[in-house]
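*Asks:* One structure coming up, written as structure tokens, with questions to follow.
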Amino acid sequence: MNTDDRHSDRLDPGQLGLGDMDPESFREHGHAVIDWIADYLEGVEDRPVRPRVAPGEVRGSLPAAPPEHPEPFADAMRDLDELVMPGITHWNHPSFHAYFAITGSGPGILGEALAAALNVNGMLWSTSPSATELEELVLDWLRQLLGLRDGWRGIIADTASMSTMLALAAARERSGLDVRQRGLAGRPDVPMLRVYTSEHAHSSVEKAAIALGLGRDGVRLIEVDERYRMRADALAEAVREDMRFGYRPIAIVATVGTTSTTSVDPVAAIADVRDEVVAELGHDVWLHVDGAYGGMVGICEEMRWVLEGVDRADSFVTNPHKWLFTPIDCSALFVADPTALTQAFALVAEYLTTEDEGVTDYMDWGVQLGRRFRALKLWLVLRYFGAEGLATRLREHVAQAQRVAARLEANEDLRVVAPVPMSTVCFLADPGWLAVPEPDPDSPPPDDPAAAAVVRRGVARDELNRELLRRINGSGAALLSHTVLDGRYVLRLATGSLRTTDDHLERTCALIEHELAGLRGVA
Ligand SMILES: Cc1ncc(COP(=O)(O)O)c(C=O)c1O
């Protein structure tokens, strides 16, 4: 093999032959990589949470073409440090509070490495029996931890988006239209199909509808109440109205822990509506529960109320990679009856047939053939922390969010604008000193001057909060995100990281106040 002479004395023996990295070199680089990871995690707090790079900067700093000749492993690690790390957003940073503050963990990271080392493909039971059986076992452990009834069966997908899509594909099949065989296009016998979910549901529900040929028009968004929970009465009304107009309801998606505010839909009341509709329609209407983030908090006994009614659903997703310290990706999809998935997806090519009886072949449960051994990292996480250790940590994250909410509320210029049932605080700055622009003298006077003044104040407040977020995030000391609630631009602060302490949260609250005070002069 050709080598680049500049590197020849620094290459591993394995790079010179036709095989892999030789065992001695693997050991040496492996130790260095583990040290690197340990140093990184230990020192992550000293880095800015958000990188300060311009679009294209990272890519532009790296060669556009692949290396012609082998390069020393250490050179790639040096470039990782010097060129790649400056463009990393540190989700591991204790002051990362944007979106949902997910954390991997030591056992989870090591589990990823072990799964990569084994590199098994769990498409069939026989392609690695332990991969399939550990996946079944670990999901049953998770079911027990969540207090769900016996009988749920699980599969690990990459993301909740994929889990929800699989669930809705099963729902589509259950509606009796044989879409699996006949498709949807060009069929006069197929009415408009509808999936119902709240206006606060995650966009993955609509994306699933796009992918499954239901279209965005096939999703009807249901109003929420003042606590951002789906209104079961509005759901019942919407379904009945659709039925009068000839739509066919095929699924309802309830959310336990919505993305903006972590609100919890009344799953039991929604299941009642589903049961009534099924009785009237005479065909199945699937109930899927999206607990991608918030479902996990059911591990804490006193929070288990969030899962009330979930046992009546057909499927339920919750993501260990969001709030169970498992590195991304790992999404647990539970189904009450796995034949709903296999009826939608099982398709066994001759070269995949086996003679095994009574086993689970996970390739039949979804779209993917090749499947990573994700169960291994989840198994290590569950064993390492134990049920009590997990519950204690989740409980602390919820308590942290409560303390942050109280801390922010104590400031008269800040307002917490949604209930805080889990780990996410939605708030906005609404200071008395906010300068509201005078009405435009050239415009005709508004019909209702008081309402017009409220609108002008709302616009000014949104702009203030946008700028506040820019300044907080631009500081590099913390990262928050935003949402819109009732038309208002709102900031979100999520706890949930294993590294976040009250000291970190106090510093972030002080930063929010500092940046807001700095805006007083310019707002
Ligand atoms: C409620 C909810 N559902 C689904 C998702 C999508 O998750 P994933 O990234 O695993 O697809 C999210 C992401 O935050 C979410 O909050």
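*Asks:* Residue check, residue 84 against (1) part of a helix (DSSP H, G or I); (2) within 16 Å of the ligand (Cβ to nearest atom), all met but one. Which one?
*Replies:* Checking residue 84 against (1) part of a helix (DSSP H, G or I); (2) within 16 Å of the ligand (Cβ to nearest atom), the one that fails is (2).
*Asks:* Has the range 211-224 got any residue that is at positive phi, over 27 Å from the mean Cα position of the chain (by Cα) and free of Cβ contacts under 8 Å to residues at least 60 places away in the same chain?
*Replies:* no
*Asks:* Which residue pairs have Cβ atoms closer than 9 Å, lie 6 or more positions apart in sequence or on different chains, and pair a first residue in the range 138-165 that is without any contact (Cβ under 8 Å) to a residue 40 or more places away in the chain and more than 13 Å from residue 367 (Cβ to Cβ) with a second residue that is within 16 Å of the ligand (Cβ to nearest atom) and part of a strand (DSSP E or B)?
*Replies:* 140/154
*Asks:* Cβ contacts < 8 Å: first residue of a type in the set (S, T, N, Q), restricted to the range 445-467; second residue modelled with pLDDT of 95 or more, any location; separation 6+ or different chain. Result?
*Replies:* If the second residue must be modelled with pLDDT of 95 or more, the pairs left are 465/428; 465/429; 465/482; 465/489; 465/490; 465/491.
*Asks:* Run down 385, 334 and say which single residue is within 16 Å of the ligand (Cβ to nearest atom) and closer than 17 Å to residue 143 by Cα. Don't jump to the end; show me each part of the working.
*Replies:* Values: 385 fails: within 16 Å of the ligand (Cβ to nearest atom).
Exactly one residue qualifies, and that residue is 334.
*Asks:* Considering each residue of the range 276-301, count those that are part of a helix (DSSP H, G or I) and without any contact (Cβ under 8 Å) to a residue 12 or more places away in the chain, and give that number.
*Replies:* Qualifying residue count for the region: 2.
*Asks:* Residue under question is residue 492, and the condition is that it be in a helix (DSSP H, G or I) and not polar (S, T, N, Q); does it hold? Working first, answer last.
*Replies:* Details: in a helix (DSSP H, G or I): no; not polar (S, T, N, Q): yes.
No.
*Asks:* Next question, about the same structure. Among the numbered criteria (1) within 16 Å of the ligand (Cβ to nearest atom); (2) over 26 Å from the mean Cα position of the chain (by Cα), which single criterion is violated by residue 279?
*Replies:* Residue 279 satisfies all of (1) within 16 Å of the ligand (Cβ to nearest atom); (2) over 26 Å from the mean Cα position of the chain (by Cα) except (1).
*Asks:* Listed residues 221, 137, 142; which is farther than 16 Å from residue 291 by Cβ and within 16 Å of the ligand (Cβ to nearest atom)? Talk me through it step by step, then tell me what you get.
*Replies:* On the way: 137 fails: within 16 Å of the ligand (Cβ to nearest atom); 142 fails: farther than 16 Å from residue 291 by Cβ.
Answer to the selection: 221.
*Asks:* Still on this model: When you scan the range 467-477, do you find a residue that is touching a His at 6+ places or on another chain (Cβ under 8 Å), crowded, with 16+ Cβ neighbours inside 10 Å and under 18 Å from residue 100 (Cβ atoms), even just one?
*Replies:* For the range 467-477, residues touching a His at 6+ places or on another chain (Cβ under 8 Å), crowded, with 16+ Cβ neighbours inside 10 Å and under 18 Å from residue 100 (Cβ atoms): present.
*Asks:* Inside the range 152-179, can you point out the residues that are away from the ligand (no atom under 16 Å from the Cβ) and within 13 Å of residue 339 (Cα to Cα)?
*Replies:* 152, 153, 170, 171, 173, 174
*Asks:* Determine whether residue 340 is more than 13 Å from the ligand (Cβ to nearest atom), under 23 Å from the mean Cα position of the chain (by Cα) and surrounded by 18 or more Cβ atoms within 10 Å (Cβ to Cβ).
*Replies:* Answer is no for this residue.
*Asks:* Separate question: Taking the range 147-164 on its own, how many of its residues are small (Gly, Ala, Ser) and outside any helix (DSSP H, G or I)?
*Replies:* The number of residues fulfilling the criteria is 4.
*Asks:* Spot the failing condition for residue 70; the list is (1) buried (at least 20 other Cβ atoms within 10 Å of the Cβ); (2) assigned to a loop (DSSP other than H, G, I, E, B), and only one is missed.
*Replies:* Among (1) buried (at least 20 other Cβ atoms within 10 Å of the Cβ); (2) assigned to a loop (DSSP other than H, G, I, E, B), the lone unmet condition for residue 70 is (1).
Listed here are the residues, each with its yes/no results for (1) hydroxyl-bearing (Ser, Thr, Tyr); (2) more than 20 Å from the chain's Cα centre (by Cα); (3) assigned by TED's automatic domain parsing to the domain that holds residue 425.
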{"position": "477", "(1), (2), (3)": "no, yes, yes"}
{"position": "484", "(1), (2), (3)": "no, no, yes"}
{"position": "489", "(1), (2), (3)": "yes, yes, yes"}
{"position": "497", "(1), (2), (3)": "yes, no, yes"}
{"position": "503", "(1), (2), (3)": "no, yes, yes"}
{"position": "510", "(1), (2), (3)": "no, yes, yes"}
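*Asks:* Oh, and also: Could you tell me how many of the residues in the range 204-254 are over 23 Å from residue 173 (Cβ atoms) and either of a type in the set (Lys, Arg) or not assigned by TED's automatic domain parsing to the domain that holds residue 182 (or both)?
*Replies:* The number of residues fulfilling the criteria is 5.
*Asks:* Report yes if some residue within the range 4-14 is part of a helix (DSSP H, G or I), assigned by TED's automatic domain parsing to the domain that holds residue 506 and in contact (Cβ under 8 Å) with a residue 40 or more places away in the chain; otherwise report no.
*Replies:* No: the range 4-14 contains no residue that is part of a helix (DSSP H, G or I), assigned by TED's automatic domain parsing to the domain that holds residue 506 and in contact (Cβ under 8 Å) with a residue 40 or more places away in the chain.
*Asks:* Restricting attention to the range 357-378, report how many residues are touching a Gly at 6+ places or on another chain (Cβ under 7 Å), in a helix (DSSP H, G or I) and not hydroxyl-bearing (Ser, Thr, Tyr).
*Replies:* Final tally of qualifying residues: 2.
*Asks:* Next up: When the range 241-265 is examined, which residues are found to be in contact (Cβ under 8 Å) with a residue 12 or more places away in the chain, away from the ligand (no atom under 16 Å from the Cβ) and not in a strand (DSSP E or B)?
*Replies:* Once the filter is applied, which keeps residues that are in contact (Cβ under 8 Å) with a residue 12 or more places away in the chain, away from the ligand (no atom under 16 Å from the Cβ) and not in a strand (DSSP E or B), the range 241-265 yields 242, 243, 246, 247.
*Asks:* Next question, about the same structure. Among the residues of the range 311-331, how many are more than 14 Å from the ligand (Cβ to nearest atom) and in a helix (DSSP H, G or I)?
*Replies:* Number of matching residues: 2.
*Asks:* Can you tell me how many residues in the range 435-470 are within 30 Å of residue 263 (Cα to Cα) and in contact with a Lys or Arg (Cβ under 9 Å, 6 or more places away or on another chain)? Walk me through how you get there before you give the answer.
*Replies:* Initial filter on the range 435-470 (within 30 Å of residue 263 (Cα to Cα)): 451, 454-470.
Filter again for in contact with a Lys or Arg (Cβ under 9 Å, 6 or more places away or on another chain), leaving 458, 461-462, 465.
Of the residues in that region, 4 qualify.
The values are calculated or read from the model by the stated rules, or taken from the named source; none is laboratory data. Please read these numbers as outputs of a predicted model, since none were measured by experiment. Don't worry about glycine lacking a Cβ; one is built from the backbone with ideal geometry, like all the others, and counts go over all protein chains shown.
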